[in-house]
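Taking it in order: structure first as structure tokens, then the write-up.
The values are calculated or read from the model by the stated rules, or taken from the named source; none is laboratory data. As the structure is a computational prediction, the values presented were derived from the model and not from experiment. Every residue, glycine as well, gets a Cβ built from its backbone with ideal geometry; the counts of neighbours run over all protein chains shown.
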């Protein structure tokens with residue numbers, strides 16, 4: 001992939017934005033960013049899973065989105081809630097087009113309203129169900145602000161081949177940081193990418209000490225406020241393994257040249273090491289509004305998107321090597337990426353099933369990654385990459401994980 005070069009000075013123009021996963025953590029913060037810079041952004045369409053129709057209705061009325069989609073839920077109920085939310089906003093003639101069903105976000109991603117297609121599509125969906133919307137957004141020609149790392153990871157060459165140079169802009173804080181650091185040198189001067197990890201709630205614990213941790217403990221992340229799956233993935237460091245694959249695909253850097261270092265303060269979001277030994281880091285207080293704003297406005301920055309570090313107060317940043325024995329997920333993810341084909345899709349799907357089993361109390365914490373490793377060891381890959389083969393591999397992985405978890 002290729003991150004676009006910043007242009008010479010130019011006036012910032014208002015961009016139309018579609019937000020997928022609008023009621024989730026990324027989506028709600030994206031609306032905050034839009035609210036803070038109305039001269040820069042306007043929302044034209046929204047989609048959500050459907051678990052919080054009342055919030056989605058308020059978002060629709062607030063942003064005056066032209067189209068709204070839900071994967072699950074009653075369209076008529078949503079229509080009534082939007083009508084009530086619009087009345088509360090003093091609007092009597094607001095009636096967006098509504099989409100429902102599992103393909104709703106894919107339809108919204110390609111939405112073309114009265115003013116034409118969107119300039120930017122922010123994919124804030126969680127999980128590999130974001131693959132269809134990612135491909136639809138790329139096909140529309142919009143810039144894809146990608147927070148849904150799973151769609152890139154499971155789609156692999158499908159996604160990279162569909163994207164024009166610079167069309168994908170990362171929203172994950174680590175990859176946004178790398179994109180910023182890469183501005184400091186040429187591509188042939190890059191030696192290594194260094195992803196930082198908070199270490200999650202179990203930093204410093206041995207493998208034996210992780211055997212009996214509970215779901216509640218796994219969800220007690222010290223830095224970030226995220227959903228169940230992502231927070232659990234941060235506790236197992238599966239999330240960091242996925243981010244290594246994402247960095248490999250986004251920036252075209254070999255897996256062997258991507259390192260992970262534990263940085264519990266989560267202020268340095270990632271670094272780039274250049275061939276002369278120089279390391280350039282991006283630092284800011286942990287606040288996802290900054291990478292979201294960059295994703296929407298790239299390559300231009302959005303003033304006051306988030307707070308900067310306070311240099312009037314004493315502080316210390318520490319860095320520790322990753323304990324690969326206690327947290328083997330990163331090495332396992334690298335192995336899956338090296339095998340290529342549908343192996344990353346199997347890695348992700350098996351993990352999602354294992355995470356659900358852990359939170360249902362059916363398996364222990366260590367069984368999550370052990371299950372992923374076992375399912376990967378049985379996978380034979382695919383001779384071709386297509387949406388169908390990816391979906392088939394995911395279905396096989398979920399079924400095989402279920403069988404293993406049941407036993």
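Annotations for the structure displayed:
- Count of the stretch 152-170 residues which are in contact with a strand residue (DSSP E or B) (Cβ under 7 Å, 6 or more places away or on another chain) and modelled with pLDDT under 95: 0
- Filter result for the condition that a residue is without any contact (Cβ under 8 Å) to a residue 12 or more places away in the chain, farther than 26 Å from residue 260 by Cβ and surrounded by 17 or more Cβ atoms within 10 Å (Cβ to Cβ), over 391, 405: 391
- All positions within the stretch 304-320 that are exposed (fewer than 15 other Cβ atoms within 10 Å of the Cβ) and within 21 Å of residue 28 (Cβ to Cβ): 304, 307
- Meets criteria (in contact with a helix residue (DSSP H, G or I) (Cβ under 6 Å, 6 or more places away or on another chain), within 21 Å of residue 27 (Cα to Cα) and touching a residue at least 24 places away in the same chain (Cβ under 8 Å)) for residue 284: yes
- Residue match in the stretch 28-39 (condition: surrounded by fewer than 19 Cβ atoms within 10 Å (Cβ to Cβ), at pLDDT 95 or above and in contact with a strand residue (DSSP E or B) (Cβ under 8 Å, 6 or more places away or on another chain)): no
- Exclusive hit being more than 20 Å from residue 192 (Cα to Cα) and free of Cβ contacts under 8 Å to residues at least 24 places away in the same chain, set 223, 231, 236: 231
- Residue count, the stretch 354-368 (criterion: surrounded by fewer than 22 Cβ atoms within 10 Å (Cβ to Cβ), touching a residue at least 12 places away in the same chain (Cβ under 8 Å) and assigned to a helix (DSSP H, G or I)): 4
- Residue 50 vs. criteria modelled with pLDDT under 95 and either part of a helix (DSSP H, G or I) or at positive phi (or both): yes
- Some residue of the stretch 97-117 being buried (at least 19 other Cβ atoms within 10 Å of the Cβ) and farther than 30 Å from residue 300 by Cβ: yes
- For residue 230, the conditions (1) at pLDDT 95 or above; (2) touching a helix residue (DSSP H, G or I) at 6+ places or on another chain (Cβ under 7 Å); (3) surrounded by 15 or more Cβ atoms within 10 Å (Cβ to Cβ) are fulfilled apart from (1).
- Residue satisfying condition, being at pLDDT 95 or above and over 23 Å from residue 300 (Cα atoms), within set 207, 186, 203: 207
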